[in-house]
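Visitor: To start, I am sharing the structure in question, which I have written as structure tokens.
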Amino acid sequence: MRILLLCTVLAFACHITAQEVNLEITSDLSSHAQIDSVLVSDVKFKNPKFDNPHAGSGFLLEHKGKLYACTAKHVLFFAKTDSMKTISFDDELKSWEFVSKKNKKNKVLAGKLINEDKQEAIVMPPKGDWLVFEVEGEIRQGIQIYSLREEPLSEGEKVRFLGYPYNTTRPVNVTGSFIGYTKEGNLSLDVPKGNYGGCSGGPVLDTQGRVVGLVSMGYFNQKENKMVFEPASIKYFQTIINN
């Protein structure tokens with residue numbers, strides 16, 4: 001099952017068809033229809049053959065007066081050069097932008113990679129599946145900026161996650177419930193069956209819209225006939241920011 005898990009995590013880059021997923025999935029077209037609640041990572045390298053216009057999803061997070069752009073660390077498997085072996089771009093990155101699929105003018109330029117670590121290999125599963133950047137320039141109106149929820153989740157509490165599946169123009173908004181924490185400290189959620197490829201790095205939110213996690217790992221357990229969905233908790237983010 002470990003092999004299945006790792007292969008499926010890498011396969012988070014697979015396609016999704018909305019018809020495959022239960023009715024809890026809806027397009028992100030609520031009263032915030034004009035707000036970009038989730039973005040896409042558009043990554044460009046100095047060698048353009050490694051460019052990836054959709055290296056997962058992402059979002060903006062304000063914490064203690066500072067603004068950060070966040071996505072999943074494992075998207076580096078799809079946004080790296082052949083020589084990149086660790087959590088560092090080694091001067092090979094041209095730009096990393098968090099862009100809107102609703103409004104091309106809405107984009108955020110990532111600055112310094114906060115959790116760069118030349119000693120940490122790019123492996124699965126990663127150590128704390130957050131990739132956290134500083135933000136450069138002003139943020140246009142219409143892009144959602146989230147805050148953290150500090151208090152822990154309660155068992156059975158409703159949550160939802162957002163993300164852009166590959167080859168789609170609308171984000172999904174998937175509702176589930178909190179089961180508990182995994183032994184690694186990730187969230188364990190009960191969500192509808194689906195292949196959420198491209199959503200890695202999207203925000204996981206409580207009912208008040210506060211960030212409680214980041215879309216990270218998921219697969220369908222055929223033996224138990226259920227979806228296993230384990231977003232990264234906020235603990236790693238808090239650790240690297242506080243340090």
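The values are calculated or read from the model by the stated rules, or taken from the named source; none is laboratory data. In this text the structure is predicted, and so the values were computed from the model without any measurement. With ideal geometry, Cβ positions are generated from the backbone for all residues, glycine too; neighbour counts draw on all protein chains shown. The accessibility values were calculated without ligands, DNA or RNA, using every heavy atom of the protein model including side chains. Shrake-Rupley method; radii C 1.70, N 1.55, O 1.52, S 1.80 Å.
Visitor: I'm told Leu162 meets every condition in (1) outside any loop (DSSP other than H, G, I, E, B); (2) on the phi > 0 side of the Ramachandran plot; (3) within 17 Å of the chain's Cα centre (by Cα) except one. Can you identify the failing condition by its number?
Guide: (2)
Visitor: State yes or no: is Ser147 polar (S, T, N, Q), farther than 19 Å from Met217 by Cβ and either in contact with a Phe, Trp or Tyr (Cβ under 9 Å, 6 or more places away or on another chain) or in contact (Cβ under 8 Å) with a residue 12 or more places away in the chain (or both)?
Guide: It is true that Ser147 is polar (S, T, N, Q), farther than 19 Å from Met217 by Cβ and either in contact with a Phe, Trp or Tyr (Cβ under 9 Å, 6 or more places away or on another chain) or in contact (Cβ under 8 Å) with a residue 12 or more places away in the chain (or both).
Visitor: Still on this structure, I have one more. Taking Asn195 as the residue in question, decide whether it is in contact with a helix residue (DSSP H, G or I) (Cβ under 9 Å, 6 or more places away or on another chain), closer than 28 Å to Ser83 by Cβ and not in a strand (DSSP E or B).
Guide: Values: in contact with a helix residue (DSSP H, G or I) (Cβ under 9 Å, 6 or more places away or on another chain): yes; closer than 28 Å to Ser83 by Cβ: no; not in a strand (DSSP E or B): yes.
Against the criterion (in contact with a helix residue (DSSP H, G or I) (Cβ under 9 Å, 6 or more places away or on another chain), closer than 28 Å to Ser83 by Cβ and not in a strand (DSSP E or B)), Asn195 does not qualify.
Visitor: Now, a different point. Given the residues Lys183, Lys193, which is the only one that is over 19 Å from Phe78 (Cβ atoms), open to solvent by 80 Å² or more (accessible area, probe 1.4 Å) and in contact (Cβ under 8 Å) with a residue 24 or more places away in the chain?
Guide: Values: Lys183 fails: in contact (Cβ under 8 Å) with a residue 24 or more places away in the chain.
Checking each option against the conditions leaves just Lys193.
Visitor: Now, a different point. Only residues that are buried (at least 23 other Cβ atoms within 10 Å of the Cβ) and over 15 Å from Phe178 (Cβ atoms): list them for region 219-243, please.
Guide: The answer is Phe237, and nothing else.
Visitor: Taking the criterion of being over 23 Å from Arg149 (Cα atoms), at pLDDT 50 or above and open to solvent by 80 Å² or more (accessible area, probe 1.4 Å), would at least one residue in region 24-38 satisfy it?
Guide: The answer is yes, given that some residue of region 24-38 is over 23 Å from Arg149 (Cα atoms), at pLDDT 50 or above and open to solvent by 80 Å² or more (accessible area, probe 1.4 Å).
Visitor: Report, by residue number, each residue of region 59-102 that is part of a strand (DSSP E or B), open to solvent by less than 10 Å² (accessible area, probe 1.4 Å), of a type in the set (A, V, I, L, M) and under 21 Å from Phe161 (Cα atoms).
Guide: If the condition is that a residue be part of a strand (DSSP E or B), open to solvent by less than 10 Å² (accessible area, probe 1.4 Å), of a type in the set (A, V, I, L, M) and under 21 Å from Phe161 (Cα atoms), then Leu60, Leu61, Ala69 are the ones that fit.
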